[in-house]
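Here's the structure we're looking at; comments come further down.
Coordinate-derived values only; no laboratory data. In this text the structure is predicted, and so the values were computed from the model without any measurement. Positions of Cβ are generated from backbone atoms using ideal geometry, with glycine treated the same way; all protein chains shown enter the neighbour counts.
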Amino acid sequence: MCTGPRCTENGERSLAMFELMGNKIDARPALRVKRTRTHCMVACKNRGPILVVYPEGTWYRCQDEAALDRIVSEHLEQGREVEELIFHRLGSGDVLSAEVVDELVDEILDAAPAEAAGEVGNTAAAALGVIPSEESQDV
C-alpha cells in the first residue's frame, strides 16, 4: 500500500489506512498475507491510497475503511476481486469502473460549451469504450 504523501494531506490518511489494514489482517489469524508500504506510486491521480495485491497484480483504490474492509474480506480472505474498486490489472492495463467513467465524462462535459455538451459527452464515452449512464446523457 502506498502511504503518500501526494494523495492525502501529508500522507496522514494513507498511513492511517496502512495501520488499519494491519489491524484487519492481524484480526484474521488464518489469513496468511504480508503487507508492506511504499511511498507515492504516482498512479492514483490524487484518488488514493493505492493497495496492490500480488501475485495477481490487482491495483485497488482504497479511499476509505469500507473499501479496505471489502478488499481484505473479499479478495484476501475469499479470493474474489472487488471489481468496482480495481483501476489496474497487471498484464491487461487500466480498468475504468462505471463511477470513474461517469466522473471523466462529467469533467469533459464541464469543459465543453453548453450547446455541444451532449454530443461531446457521448463522443467521450465512446472513446472510453463505454455507454454513458442516463444521468451523464441528461444535459
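If a spin label sat at a point 7 angstrom from the Cα of Arg89 along the line to its beta carbon, the backbone N atoms of the stretch 22-55 nearer than 15 Å would be those of 53-55.
Between the amide H of His88 and those of Trp59, Val95, distances stay under 5 Å, these residues lying 5 or more places away or on another chain, with hydrogens modeled in the peptide plane. Close amide H partners of Arg6, meaning residues 5 or more places away or on another chain with modelled amide H under 5 Å apart, are Cys40.
Compute the length gained on full extension between Glu12 and Ala43: take 0.36 nm times their separation in residues and subtract their Cα-Cα distance, giving the result in nm to one decimal.
Contour length minus Cα-Cα distance gives 9.4 nm.
The shape of the stretch 9-94 comes out oblate: with a ≥ b ≥ c from the C-alpha gyration tensor, a/c is at least 1.5 while a/b does not beat b/c. Shown in residue order for the stretch 63-70 are the 3J(HN,Hα) couplings computed by the Karplus curve 6.51 cos²θ - 1.76 cosθ + 1.60 at θ = phi - 60°: 7, 8, 5, 4, 5, 4, 4, 5 Hz (x for Gly and Pro).
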